[in-house]
Amino acid sequence: MNDNLEANILFNESITPISYMNADGILVKVNPAYCALFSSSEIDLLGNDFTIHFSSLDSDAKKETLQKYKDFYLQGEKDNFEAEVFTKTGEVKIVEITRKFMQLPGLSKVCVSFLNDVTRYKLSNEKILNAVFNAVAGVVYHSRIDSQKKRKMIFMSDRADVIFGHSSKEIQNDISLILGELHPDDVLTPSQSLEIFKKNNNFRRIQFRVKNKTGGWKWLEERSILIETGVNEYDLYGMITDITDRKVAEESLAASEGKYRLLYENAPIGIVIVDPQAIILECNTYFLNMLGYEKEEVIGKKSYSFLHDDFVEYKAAALAKLFKGEIKRFYIEEKRRAKDGNYVWIGCYSNAITDQFGNVIYRLDFITDIENRKKSEEQLLKLDQSKNAILNIVAHDLRSPIIGITNLARLLLKVEYSEDKQNYLELMENSGNHALNIIQDILAMVQLEQDVHLSNVESTELNEFIKNCIKIHQIQSKEKSIQIKFHSCVEKIYHNINQDKMERVISNLISNAIKFSNENGIVELFLYRERNKTIIQIKDYGIGIPKEMHDILFEKFSAARRVGTKGEKTIGLGLSIAKEIIDKHQGKIKVESEENKGSSFFIEL
């Protein structure tokens, strides 16, 4: 038996399907086992290219497959791969293919393909996989994106009809069944899909909507991985789960949260959430506006850092009881530091929020603005103190000059005209003037406390205004031989002032400068500009003011009142009235003084 005959016998009797193909992929020889595999005869097969077994491919895909084969033929290598093929009757089979090149007698170079039908094995594995896949609450799939960016569903587990309303086989045969039912806003092109994978290390998690049976939308979540199988060819493996109920719950929760967030943000009260370590976790807009902060300046900060030192110890003790569960809530009126550095009075209701086991996990503070109430209380307290002080003056300071006047009048009734009588009259005049000054100061103080806003304001040239104030004190200054000098660094300057009240301030300061200067002294007034402010300075070189009196100098009826260098009396209201007037002009008044070296008062407008 020659070798050629023996080879033919082995070829024809082999149970392994074998085919010979030329350079163009044309089947030139097939054995009976190959014909049996595809349920076809030699006449059906020979002369056709091998893509007749791939009936699922369109013409473009077949051309591409043939071109790959031709490139492979030229390289003359061996390869192994698995393919899904179709028989003449339309049956789908899965085969393992081994291809190599041989030079056979009487034939040119051919590609010999050995096929192994693994359909049963694959289907068996597929059933096992389906059983596993169907045990999960979603659909497992394997899809492919080819080099032409076309999509195909290779495999989908049996729960597809529950998720998509189409069977797995229907979707595998026509993937457009689900692609066409996607919500327009959720459609991804193959290029967009690949881009998402590349940005996330070949992993993707997306949520999308598909039409349900009632015409509405069903929410699905997909988690998948991408595997590159060739040049611009990709396989996707993933799982799709119905998350409609979860989405409905999330939307309901979001709506509920939105409603409470709206109430929270627009509540006419400050709301602050603080953890057991006193860290501020959350706060609403009202609280921020109350203190003037931005949210990022408050969140994550210690709540104690905004609290005035006077309240820290008491607050800490109350909070310790709250977090130990000894009390459930408490209320404190306290001062919090605003962004501008000032402290604001607030009323704070602190409530314990517990978990299911009764442990306090954070505190919820409701905060009210009590600044105006506290100012009113302080104002009432001041008024009450003023009332007591006025009564004290009436009972003591005012009583003394009036008693003096009546006693002197009684003496005058008993004596004839004499030098003593003249002295008595002068003493009566001085006592009367002193009593009148006391009454005027008290009336001025009461009026200032009652006037909320400054009235009768007019534009005034300050050089002439100050000169007029100086003229009023010519007699007083001559009595002590005091020179009053005025120095101005501005030619003309105008300010809106209440002339009567501002005259009272400057006159009081000039009078005090004369009162506390020694005879033959000098009092100087300066008018100048400094950092966009107008400054009026009244300076003397007299006895000065002790340092310990500086802080109480502008208080009503303060202990800083003293007699002048010639025994001139004061009642301690002049400087407090001056400060009230300057405050109402939105200005400032301050003093610099050293004992036995004189004093300088500065009015800043």
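Values for this structure:
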quantity: Check on GLY238, surrounded by 12 or more Cβ atoms within 10 Å (Cβ to Cβ) and more than 30 Å from TYR343 (Cα to Cα); calculated: yes
quantity: Selection within region 506-549 - among the hydrophobic types (A, V, I, L, M, F, W, C) and touching a residue at least 60 places away in the same chain (Cβ under 8 Å); calculated: ILE506, LEU509, ALA513, PHE516, LEU527, ILE535, ILE536, ILE538
quantity: Selection from region 304-350 of residues that are out of contact with any Asp or Glu (no Cβ under 8 Å at 6 or more places or on another chain) and of a type in the set (Ser, Thr, Tyr); calculated: TYR304, SER305, TYR314, TYR331, TYR343
quantity: Selected residue (criterion: modelled with the highest pLDDT) from residues of region 104-133 that are over 60 Å from the mean Cα position of the chain (by Cα), more than 17 Å from ILE15 (Cα to Cα) and open to solvent by 50 Å² or more (accessible area, probe 1.4 Å); calculated: LYS109
quantity: Qualifying strands (runs of 3 or more DSSP E) (wholly inside region 269-358; at least 1 residues being free of Cβ contacts under 8 Å to residues at least 24 places away in the same chain and of a type in the set (Lys, Arg)); calculated: 329-337
quantity: Residues that are among the hydroxyl-bearing types (Ser, Thr, Tyr) and either touching an Asp or Glu at 6+ places or on another chain (Cβ under 9 Å) or part of a helix (DSSP H, G or I) (or both), drawn from region 487-520; calculated: TYR494, SER507, SER511, SER517
quantity: Number of positions in region 359-370 that are in a loop (DSSP other than H, G, I, E, B) and farther than 18 Å from GLY325 by Cβ; calculated: 1
quantity: Unique residue being of a type in the set (Lys, Arg) and over 46 Å from the mean Cα position of the chain (by Cα) when the list is LYS169, LYS198; calculated: LYS169
quantity: Residue count for region 18-54, restricted to those that are part of a loop (DSSP other than H, G, I, E, B), touching a Cys at 6+ places or on another chain (Cβ under 9 Å) and of a type outside the set (A, V, I, L, M, F, W, C); calculated: 3
quantity: Failed item, numbered, when VAL231 is tested on (1) without any contact (Cβ under 8 Å) to a residue 12 or more places away in the chain; (2) open to solvent by 60 Å² or more (accessible area, probe 1.4 Å); calculated: (1)
quantity: Qualifying positions in region 489-535 - open to solvent by 40 Å² or more (accessible area, probe 1.4 Å), hydrophobic (A, V, I, L, M, F, W, C) and under 15 Å from LYS467 (Cα atoms); calculated: CYS489, PHE526
quantity: Search result, residues across region 224-250 that are of a type in the set (A, V, I, L, M, F, W, C) and over 35 Å from the mean Cα position of the chain (by Cα); calculated: ILE225, LEU226, ILE227, VAL231, LEU236, MET239, ILE240
quantity: Any hit, region 250-266, residues being under 13 Å from PHE366 (Cβ atoms) and in contact (Cβ under 8 Å) with a residue 40 or more places away in the chain; calculated: no
quantity: TYR264 being modelled with pLDDT under 90, open to solvent by 90 Å² or more (accessible area, probe 1.4 Å), aromatic (Phe, Trp, Tyr) and under 19 Å from the mean Cα position of the chain (by Cα); calculated: no
quantity: All positions within region 76-89 that are modelled with pLDDT of 85 or more and outside any strand (DSSP E or B); calculated: THR87, LYS88, THR89
quantity: Residue check for SER303: of a type in the set (Gly, Ala, Ser) and surrounded by 17 or more Cβ atoms within 10 Å (Cβ to Cβ); calculated: yes
quantity: Close pairs from region 30-47: first under 16 Å from PHE86 (Cα atoms), partner open to solvent by 60 Å² or more (accessible area, probe 1.4 Å) and among the hydroxyl-bearing types (Ser, Thr, Tyr), Cβ under 8 Å, at least 6 apart; calculated: SER39/THR89
quantity: Within region 205-223, considering residues that are in contact (Cβ under 8 Å) with a residue 24 or more places away in the chain and under 15 Å from GLY138 (Cβ atoms), the one nearest to the chain's Cα centre (by Cα); calculated: GLN207
quantity: Total residues in region 71-103, condition of a type outside the set (A, V, I, L, M), surrounded by fewer than 13 Cβ atoms within 10 Å (Cβ to Cβ) and under 17 Å from MET21 (Cβ atoms); calculated: 9
quantity: Test: residue in region 198-208 that is in a helix (DSSP H, G or I), modelled with pLDDT of 85 or more and open to solvent by 30 Å² or more (accessible area, probe 1.4 Å); calculated: yes
quantity: Residue selected from region 468-486 under the condition of a type in the set (S, T, N, Q) and in a helix (DSSP H, G or I), by the criterion least open to solvent (accessible area, probe 1.4 Å); calculated: SER477
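The values are calculated or read from the model by the stated rules, or taken from the named source; none is laboratory data. Because the structure is predicted, anything quoted here is derived from the model rather than measured. Glycine gets a Cβ as well: all are built from the backbone with ideal geometry, and neighbour counts include every protein chain shown. Surface areas here come from the heavy atoms of the whole protein model, side chains and all, with no ligands, DNA or RNA. Shrake-Rupley method; radii C 1.70, N 1.55, O 1.52, S 1.80 Å.
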